[in-house]
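Asker: Please find one structure pasted underneath; my questions will follow.
The values are calculated or read from the model by the stated rules, or taken from the named source; none is laboratory data. For clarity, every value in this text was computed on a predicted model and none was experimentally measured. Cβ placement follows ideal geometry from the backbone for every residue including glycine, while neighbour counts extend to all protein chains displayed.
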Amino acid sequence: MSVCLSLCHLCRLTQYTLSSGDVEKLSGILEQCPHLFDLDLSSNLLRDEGVKSFVDSLPRLRIASSVNLNDNRLTQMGALYLVNTVTTCEKVAAVEVSLGTEERSLIRFEQDSDCGKTLSLSECHFGADHLQRLAEILTRCAAQLVELRLSCNILQREGLLALQNSLTTLSSLRTLEIRNNGLSVQVIEDLVKQLRCGHFQRYISIEEPWITAEAAVNLVSCCLKLNPNIHTIRVNKSTVHITLEECQNPTDTSGGSSTDVSGSLSTVTISLVDCAVQGHHLVSLQTVFQKCVLLQELDLSYNSIGRVGAELLCSVLPSLASLRKLSLESKETSEDVVLLFAEGLLQAKSIESMNLSGHVISDRGAVALTRTLQNLPHLRTINLSLCYGWTPAGALELVRGLGQCLSLEGISLDSVQLDEESTVCLAQGLHAMTSLKRLNLNNKVTMVTGSPWEGATLVLLASLEGLRGMEEIELDGMRMSDKGLEELIKHLPTWTGLRKISLSGNCISDQAGERLVQALATCTALEELNLSRNNLSLACAAKMGQVLPTLTHFRVLDLSENEIGTKGAVSISKALISMKYLTKIHLTSIGTSELAGLAGSLAHCVCAEDVSFAWNDCGDDVAVKLAEVLPQCQKLRRLDLESNSISTIGAEALARSLQSCPSVEVIRLWRNVISTSDAQKLRLREKRLNFSST
């Protein structure tokens, strides 16, 4: 047995009932294994005593990667035994514990001891005594802990103070995430007040369901008053994200507790996005805005601030002399808001980036906005996507105004309706914008051969000649066909810095797609390519197999809804072997069910986060192959296998694999050949398997 263990990389001993004595004997055997990579002791009913016996022996074991202790009937004490390994075992890099319906316990090891340690505790519901012990453990690893995540724990009020005090001593902590722990506004404010900056930026994220609307605005206002070291504060839905700036003198304790707001604040970014804020809620921020003399970015998108909020914002814009970026993506239906913003922005000469996506812009608004654009000398980026409400005359006026902004580097007009005259006018303006780097004209015009639109669209594509600095271009849904694509291909040799190109839904043939990919070989900085919903097949896929491995920065590929076929899939599979930085690949409905080879190639894509093989009629062979490679994709978050022919056998293989995949958030298995009863059983075992349409 000792000989076998000396060659063992994976030791799996699951679904036994092991006593503490058994664990001690097993640990003695494992000490003889010098090359153990992963150890799986899940589902062994170890309970707290067995886990304590194991972690006591952990410093003597030579395990390179991980220990899986899922489903061992732990209590809060068992969780604390695991947490304590970050102080007793130098090799431990991360501990993840969840005592929820799906009990998860994972220990990870790191060869480089300088990387710091990470703790993640979910649904542990610690009592006061447990919180006191947790605080003591945190204090002992204060100089090593870099990341702490606490989610869905009911934290007893009596122990919160000890935990809160220990958090302020974590000198090496860079990331603190606290989600849905039932914290009150007072507890959060006290924590923000006491947390200090260090020799590096510190990131804090707190989620509670009550952080919304007026409560969200008041929390932002109070945090800015209580801690002058806040560099960035963002609220998105019900989560507040705070970044504390790097301190020149982190030992100075006054910085984290000062409530003096007589002077200016150092805050650079304030954001309240999609959190039900209304105009009158912003009143509590008015005086804070006036003290943010260094504020560079303000984002109030997806709220309903209305006329009241627009007027209040316009009143403070003159005091925001450093403001560079203003985002006001809209839920508004009134044209008055843009009229007010257009007037107020005349007092914001420093603006470089403006986002008014989704607003109603009347002809009056178009005229007012055109006048404003001419008075913003530093404007570099503008987003008017999804804007509507103008007549053709108003659209032409606005496009002419854009054409005069010759220093623009980014324009987004996604789904903006322009007639032929406005399109030609836009083309003339683009041709003169020699600094343009980012262009989004998704769904703007539809080119039909022989129609007046064809000439306008070709003029638009031809106008891109000479824009040598192009980095991102999105032309989805224009139906440019091969004729338009050939015009676009002419420019690619000069776009050596191109990072992203999206041409979804453009009626591109297989042969034209092949020529496009060949031309992209000169774009050595390319990171993203979206060619979904075209007419691509084997020739284009074969060319990708040759070109993509040469693009060393490539990260994102979407070939969904193309008849790539079996041979085309083989070409893509071979390319994946060299694409170690790939983070996203979508191959939804590509005309073949034979994707086992592609699934196997994902083992080389160690950075993959988002993978889709949906709507391909794949069987269990693909699911089993994916189950084999998933543990090697340690960053994978989402796997979409919707509408295939995977049975309970394949789903069970995926469920087993997930025990070694803590990063995976969901595997979608809707519309496969799995009975409702089997789906329910699998869902109880592994809640990350999703058998529904959402």
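Asker: Is it the case that Asp476 is farther than 21 Å from Cys405 by Cα, modelled with pLDDT of 95 or more and not in a helix (DSSP H, G or I)?
Answerer: Yes; evaluated as a whole, the condition is true for this residue.
Asker: List pairs: first in region 515-528 and among the small types (Gly, Ala, Ser), second modelled with pLDDT of 95 or more and outside any helix (DSSP H, G or I), Cβ under 6 Å, 6+ apart or cross-chain?
Answerer: That search, which allows pairs on different chains as well, returns Ala525/Gly497; Ala525/Arg499; Ala525/His553.
Asker: Another one. In this structure, is Leu408 closer than 19 Å to Asn375 by Cβ and within 29 Å of the chain's Cα centre (by Cα)?
Answerer: yes
Asker: Scan region 670-694 for residues that are aliphatic (A, V, I, L, M) and either in the same structural domain as Arg104 (by TED's automatic domain parsing) or out of contact with any strand residue (DSSP E or B) (no Cβ under 6 Å at 6 or more places or on another chain) (or both) and jot them down.
Answerer: Val673, Ile674, Ala679, Leu684
Asker: Kindly list, by first and then second residue, each pair from a residue in region 96-108 that is at positive phi to a residue that is crowded, with 19+ Cβ neighbours inside 10 Å and not in a strand (DSSP E or B), limited to pairs with Cβ atoms under 7 Å and residues at least 6 apart or on different chains.
Answerer: Close Cβ pairs (under 7 Å, with a partner that is crowded, with 19+ Cβ neighbours inside 10 Å and not in a strand (DSSP E or B)) do not exist here.
Asker: Condition test on Thr243, is it at pLDDT 95 or above, over 19 Å from Ala276 (Cα atoms) and buried (at least 19 other Cβ atoms within 10 Å of the Cβ)?
Answerer: It is true that Thr243 is at pLDDT 95 or above, over 19 Å from Ala276 (Cα atoms) and buried (at least 19 other Cβ atoms within 10 Å of the Cβ).
Asker: Looking only at residues in region 202-226 that are under 16 Å from Leu265 (Cα atoms) and touching a Leu at 6+ places or on another chain (Cβ under 7 Å), which one is surrounded by the fewest Cβ atoms within 10 Å (Cβ to Cβ)?
Answerer: So, considering only residues that are under 16 Å from Leu265 (Cα atoms) and touching a Leu at 6+ places or on another chain (Cβ under 7 Å), the one surrounded by the fewest Cβ atoms within 10 Å (Cβ to Cβ) is Ser221.
Asker: Residues in region 147-177 that are closer than 26 Å to Cys115 by Cα, among the aliphatic types (A, V, I, L, M) and either over 28 Å from the mean Cα position of the chain (by Cα) or modelled with pLDDT of 95 or more (or both): how many?
Answerer: Qualifying residue count for the region: 4.
Asker: Please find, within region 494-548, the residue that is farthest from Arg479 (Cα to Cα) out of those that are assigned to a helix (DSSP H, G or I) and acidic (Asp, Glu).
Answerer: Restricting to residues being assigned to a helix (DSSP H, G or I) and acidic (Asp, Glu), the top hit is Glu514.
Asker: Let me ask you something else. Can you pull out the residues in region 603-632 that are of a type in the set (A, V, I, L, M, F, W, C) and either closer than 16 Å to Arg688 by Cα or crowded, with 23+ Cβ neighbours inside 10 Å (or both)?
Answerer: Cys605, Ala608, Val611, Phe613, Cys618, Val622, Ala623, Leu626, Ala627, Leu630
Asker: Does region 149-160 include one or more residues that are surrounded by fewer than 17 Cβ atoms within 10 Å (Cβ to Cβ), under 19 Å from Lys237 (Cβ atoms) and charged (D, E, K, R)?
Answerer: The answer is yes; a qualifying residue exists.
Asker: Of (1) surrounded by fewer than 20 Cβ atoms within 10 Å (Cβ to Cβ); (2) assigned to a helix (DSSP H, G or I), Ala395 satisfies all except one. Which?
Answerer: If we test Ala395 against (1) surrounded by fewer than 20 Cβ atoms within 10 Å (Cβ to Cβ); (2) assigned to a helix (DSSP H, G or I), just (1) comes out false.
Asker: Limited to region 292-344, what total is found for residues that are touching a Cys at 6+ places or on another chain (Cβ under 8 Å) and crowded, with 22+ Cβ neighbours inside 10 Å?
Answerer: 3
Asker: Which pairs do you get when a residue that is in a loop (DSSP other than H, G, I, E, B), found in region 580-605, comes within reach of a residue that is surrounded by fewer than 21 Cβ atoms within 10 Å (Cβ to Cβ) and modelled with pLDDT under 95, reach meaning Cβ atoms under 7 angstrom, with the pair 6+ apart or on two chains?
Answerer: Taking only residues 6 or more apart or on different chains, the pairs are Lys580/Val606; Cys605/Lys580.
Asker: Now, a different point. Please state which of the following conditions His199 fails to meet, knowing it meets all the rest: (1) of a type outside the set (Phe, Trp, Tyr); (2) surrounded by fewer than 18 Cβ atoms within 10 Å (Cβ to Cβ); (3) at pLDDT 85 or above; (4) touching an Asp or Glu at 6+ places or on another chain (Cβ under 7 Å).
Answerer: (3)
Asker: Follow-up question, since we're still on this one. Among Ala614, Ala608, Ala569, Ala627, which is the only one that is under 26 Å from the mean Cα position of the chain (by Cα), assigned to a helix (DSSP H, G or I) and either aliphatic (A, V, I, L, M) or on the phi < 0 side of the Ramachandran plot (or both)?
Answerer: None of the other options fit; the residue is Ala627.
Asker: For residues in region 322-360 being part of a strand (DSSP E or B) and among the hydroxyl-bearing types (Ser, Thr, Tyr), which is nearest to Tyr388 (Cα to Cα)?
Answerer: Within region 322-360, the match that is nearest to Tyr388 (Cα to Cα) is Ser327.
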